[in-house]
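Inspection log for the structure reproduced underneath, given as C-alpha cells.
The values are calculated or read from the model by the stated rules, or taken from the named source; none is laboratory data. Computed from a predicted model, the values in this text were never measured in an experiment. Reconstructed Cβ throughout: ideal geometry from the backbone, glycine too, with neighbour counts over all protein chains shown.
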Amino acid sequence: MKRLSVFIRFCRPHTIIATSLQVSGLFILAYASKPISIDRLWIWFLALAASLAANIYIVGLNQLTDVVIDRINKPTLPLASGEMSIRQGRLIVTAVALASIIFAATQSLILLITVLISMLIGSLYSLPPFHLKSRPLWAALSIAFVRGFVANFGLILHFNHEIGPASAVSWPLVVGLTAFFFGFGLVIALYKDIPDLVGDKEYDIRTYTVRLGPERVFNAGRLILTATYIIPILAAVSLLPDLIGLVLLVAHLVIVVLFWRRSLAVDMARPDDVTRFYMFLWSLFYVEYILLALAALAS
C-alpha cells in the first residue's frame, strides 16, 4: 500500500483526474447520441490509457529534472522526499512513454500524433537545453497549448474519425472548446508557479512570479480567466430559451462568482493558501468537462 501511495503521488493525482475527465467528457460529447457498445467503450478505454500514460510521462519527467528544486518547493513529492529513487522514476517514465505510444498506435494515427506532440512539448518543457520551464512565456504557452489545444483538438478528431461522418461534434464547438481551455491552461500555468516562488528564485528559474511578483501574476490570472469564461457564457446564451442553455448560463455565472469570492479571500503571504486556491482552480477545470458531458447527454 505504501508503494501504491508513492506511485499515486508521483503521478500527480490532480492531473490524472483532469485527463480522465477530459477524455471521458469529449468521448461522451462525441458518442452521446449513439448506443453503448463494447467496441465504443474499448475506444474510450484505449484513448484514456494512452492519454493517462502520456500524462504520467510528462509529470514524471518534470519531477526527474526538478528534484533539487522540489526539495524546497514540493518536499513531499516521492523523488524529492527520497521515497522513490531516481532509477525507479526513470523506469516508470520510460515504461509509460512506451505504453502511451503503443496504446495510441493501436487506435488511430490521429491519437498517436496527439500523444507524441503532447510528450514532445512536455519533454521540451523539462529537459535541457530547451527547458521551457525557465522561459515564462514559452512555459505558459506550452502548458496551455497541450491542455487547451492539442488534447481537445486531437481527441475530438480521433473520436470523430472513429464515429465517421455521423458525429455530432461541430467545428464551431471545437473552436470554442479549444479557445476556452487554452485560456484556462494559461491561468493554470501562471498560478502553478506562485507557490514555487522560493525554490524557483533560489535556482534562478525566471518564472513570471519571480519576475513580476506573485500579486501581479495572481491578478493577471483572475482577469484572464474571467475573460475566458465569456466563451461558455455566450455559448449558453445562444442556446436560450432551451433549458440546457439556461442551466449552463446559471452554472457559469455561479462559477465566476465563486472564483472571484475564493480569489479575494486568498492570503498571498501564505503559500498553503495559494496552493489550496490553485487546487480549487483545477476543480473548476474538472467541472467544465462534467458540464460538457451532461449537456451532451441532455441534448
Looking at the range 1-55 only, could you name the residues that are over 20 Å from Ala105 (Cα atoms), of a type in the set (D, E, K, R) and in a helix (DSSP H, G or I)? Lys2, Arg3, Arg9
Pairs, first over 11 Å from Gln63 (Cβ atoms) and touching a residue at least 40 places away in the same chain (Cβ under 8 Å) in the range 74-92, second surrounded by 13 or more Cβ atoms within 10 Å (Cβ to Cβ) and hydrophobic (A, V, I, L, M, F, W, C), C-beta under 7 Å, six or more apart: Glu83/Val6
Taking the condition modelled with pLDDT under 95, surrounded by fewer than 16 Cβ atoms within 10 Å (Cβ to Cβ), hydrophobic (A, V, I, L, M, F, W, C) and under 27 Å from Leu291 (Cβ atoms), does Leu240 pass? yes
All positions within the range 192-229 that are under 16 Å from the mean Cα position of the chain (by Cα) and at pLDDT below 95: Lys192, Asp193
Looking across the range 155-191 at residues that are modelled with pLDDT of 85 or more and of a type in the set (S, T, N, Q), the single one that is nearest to Thr106 (Cα to Cα) is Asn160
Of these, Leu177, Leu246, Leu157, which one is assigned to a helix (DSSP H, G or I) and free of Cβ contacts under 8 Å to residues at least 12 places away in the same chain? Leu246
For the range 259-286, give me each residue that is hydrophobic (A, V, I, L, M, F, W, C), in a helix (DSSP H, G or I) and surrounded by 14 or more Cβ atoms within 10 Å (Cβ to Cβ). Phe259, Val274, Phe277, Phe280, Leu281, Trp282, Leu284, Phe285
Within the range 56-86, can you find the residues that are farther than 27 Å from Ala105 by Cβ, among the hydrophobic types (A, V, I, L, M, F, W, C) and out of contact with any Lys or Arg (no Cβ under 6 Å at 6 or more places or on another chain)? Val67, Val68, Ile69, Ile72, Leu77, Leu79, Met84, Ile86
With (1) without any contact (Cβ under 8 Å) to a residue 60 or more places away in the chain; (2) farther than 29 Å from Gly199 by Cβ; (3) polar (S, T, N, Q) as the list, and Ser33 as the residue in question, which single condition is left unmet? (1)
So Asp39 fits all but one of (1) surrounded by fewer than 20 Cβ atoms within 10 Å (Cβ to Cβ); (2) under 30 Å from Arg270 (Cα atoms); (3) acidic (Asp, Glu); what number is the exception? (2)
Hits in the range 73-130 (condition: of a type in the set (A, V, I, L, M), touching a His at 6+ places or on another chain (Cβ under 9 Å) and over 26 Å from Phe45 (Cβ atoms)): Leu124
So, in the range 186-221, exactly how many residues are on the phi < 0 side of the Ramachandran plot, out of contact with any Leu (no Cβ under 9 Å at 6 or more places or on another chain) and not aromatic (Phe, Trp, Tyr)? 19
Residue that is surrounded by the most Cβ atoms within 10 Å (Cβ to Cβ) [pool: residues in the range 124-152 that are within 15 Å of the chain's Cα centre (by Cα) and among the small types (Gly, Ala, Ser)]: Ala151
Flagged pairs (Cβ under 6 angstrom, 6 or more apart or on separate chains; first in the range 255-275, among the polar types (S, T, N, Q); second part of a loop (DSSP other than H, G, I, E, B)) are Thr275/Pro195
Do any helices (runs of 4 or more DSSP H) lying entirely in the range 63-123 carry at least 3 residues that are surrounded by fewer than 19 Cβ atoms within 10 Å (Cβ to Cβ) and either within 20 Å of the chain's Cα centre (by Cα) or among the charged types (D, E, K, R) (or both), and which ones are they? 86-105
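Matching residues to (1) touching a Gly at 6+ places or on another chain (Cβ under 8 Å); (2) surrounded by fewer than 19 Cβ atoms within 10 Å (Cβ to Cβ); (3) among the hydroxyl-bearing types (Ser, Thr, Tyr):
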| position | (1), (2), (3) |
| --- | --- |
| Ala189 | no, no, no |
| Pro195 | no, no, no |
| Tyr208 | no, no, yes |
| Arg222 | no, yes, no |
One residue from Phe285, Phe280 being under 21 Å from the mean Cα position of the chain (by Cα), under 18 Å from Pro13 (Cα atoms) and in contact (Cβ under 8 Å) with a residue 40 or more places away in the chain: Phe285
